[in-house]
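First comes the structure, then the notes that go with it.
Read the figures in this text as sums done on the coordinates, not as results from a lab. Note that the structure is a prediction, hence the values are computed from the model and not measured. All Cβ positions, even for glycine, are placed from backbone atoms using ideal geometry, and neighbour counts span all protein chains on display.
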Amino acid sequence: MKMASLSRRLKYGRRSPNPIPSIWREKDHLNGEPVDSLVAIFRTGGCRHFLDSGCTMCGYYTGALPRPIDEDLAMEQVERLLSSHSGEPMVKVYTSGSILDPWEFPPTALRGLLDGLCGTVEAIVLESRPEFVTPSALQMLEGCGSRIYVALGLESVNEFVRNVLINKDLSMEAYQRAVSLLRSEGFGIKVYVLLKPPFLTEREAMADSIATIKFALGHADIVSLNPVNVQSGTVVEYLWKRGLYRPPWLWTVVEVLKVGKGSGRVLVSHPTAPGRPRGPHNDGSDDREVSEAIYRFSWTQDYSYLEIDGPSRRKWAAYIGFEDKAVMRGNVEEAIF
Ligand code: SF4
């Protein structure tokens, strides 16, 4: 065993951290056109919200390390990201938590990340829970020669959906405070909206996401609609395994996205595992075409991609109608088709 990996094993225990962050490239939308982006997910001790409970759809804690990472491990990951960068104008850096939380990600490593990226890319997207968007955290981001967007997980504008069904533990006051601070300091704002938390019907989920997007479009530069995918070790997975949850239909994603038309803001959706049982899906007959239309819309902001039809669209409408009348909540697909 090499010395570096032995020392990591001693420091972090048997679940010795893999210093290799997940890094990949994907298309995105920036300044009115499709661009290539580099995405990294750093391995950290995980989101602080997991310490008390965590969100009902979020399984990121299963990949988290047993304790907060030190500067060396954080810098090792930063360097891997920087050496992977090959001119992409947009770089998105996630920790499956909050990169602005100094407990989760050492501020010196964040400084190193910014030193490496600022001025060399057009846009940097960082992700954080709103409570870590503080004046001192934003001070670290100041003076960057690139536009920095801070991504906030609002999920739902509805208090009950956000804090009971999703268990986000986020007050609207904390969210608004973060938004005001980011605005006043001139940073960009990206907002995550969750599509179909547990315990909502397809129609209720659609209405909730539409209301949330309308609200977010009023102050965010970019709104990202995130359809739930069933992650391991979550409340959503518990329900799904018992036939009490179905991920959203891709048709629902299409319909919800239409609400952004004419807003002048960027609205995107990059469904995870589309067409798979754990991801947003239709009935298998047109999943590929519909998810492709969603991606293409997200890259281009061309709403004509959402004027799509397919063999399962009528089935989707029937599903929604049946679910409205169903006595029990859950996946009624098997019962009706
Ligand atoms: S969704 Fe975000 S805030 Fe919720 S537990 Fe996961 S990482 Fe934390």
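Table for the structure above
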item: Residue-wise HN-Hα coupling along segment 161-174, computed from phi with Karplus coefficients 6.51, -1.76, 1.60 (Hz; x: Gly, Pro); result: 5, 5, 9, 9, 5, 9, 6, 6, 6, 9, 7, 5, 5, 5
item: Per-pair calculated FRET efficiency, R0 = 35 Å: K261 and S136 via Cβ, rounded to 0.05; result: 0.35
item: Potential extension, V35-R314 segment - 0.36 nm per residue separation minus Cα distance; result: 97.0 nm
item: FRET efficiency estimate (nearest 0.05) - Cβ-Cβ, S171 to K214, R0 25 angstrom; result: 0.80
item: Inter-label distance for L51 and E71, nm, one decimal - labels placed 7 Å from Cα along Cα-to-Cβ; result: 2.1 nm
item: Under Karplus coefficients 6.51, -1.76 and 1.60, residue-wise ³J(HN,Hα) of segment 75-85 in Hz, glycine/proline x; result: 5, 4, 6, 4, 5, 5, 5, 4, 6, 7, 6
item: Cα-derived Rg to Rh of the chain, Kirkwood definition; result: 0.97
item: Alpha carbon centroid spacing (whole Å) that separates segment 138-212 from segment 268-323; result: 24 Å
item: Lys, Arg +1 and Asp, Glu -1 on Cβ, resulting dipole of segment 16-336 about Cα centre, debye, nearest 20; result: 640 debye
item: Relative contact order [Cα under 8 Å, 6+ residues apart], segment 16-336, whole percent; result: 14 percent
item: CD proxy at 222 nm, helix term only [per DSSP H run n ≥ 4: -39500 (n - 2.57); per residue of the chain; nearest 500]; result: -10500 deg cm²/dmol
item: Sorted peptide list for 195-206, 309-320, criterion being average Cβ within 10 angstrom, highest first; result: 195-206, 309-320
item: Pair E292, R278: separation of 7 Å Cα→Cβ label points (nm); result: 2.5 nm
item: Backbone HN-Hα couplings from phi across segment 89-100 [Karplus 6.51/-1.76/1.60, Hz, Gly and Pro as x]; result: x, 10, 10, 10, 10, 10, 10, 6, x, 10, 6, 8
item: Given K168/K325; K196/K325; K190/K214; K190/K241; K261/K325; K168/K214, the pairs whose alpha carbons are separated by over 25 Å; result: K168/K325; K190/K241; K261/K325
item: Sites R80 and C118, calculated FRET efficiency, Cβ-Cβ separation with R0 22 Å, nearest 0.05; result: 0.75
item: Residues with amide H under 5 Å from that of Y245, placed H, sequence gap 5 or more; result: W240, N331
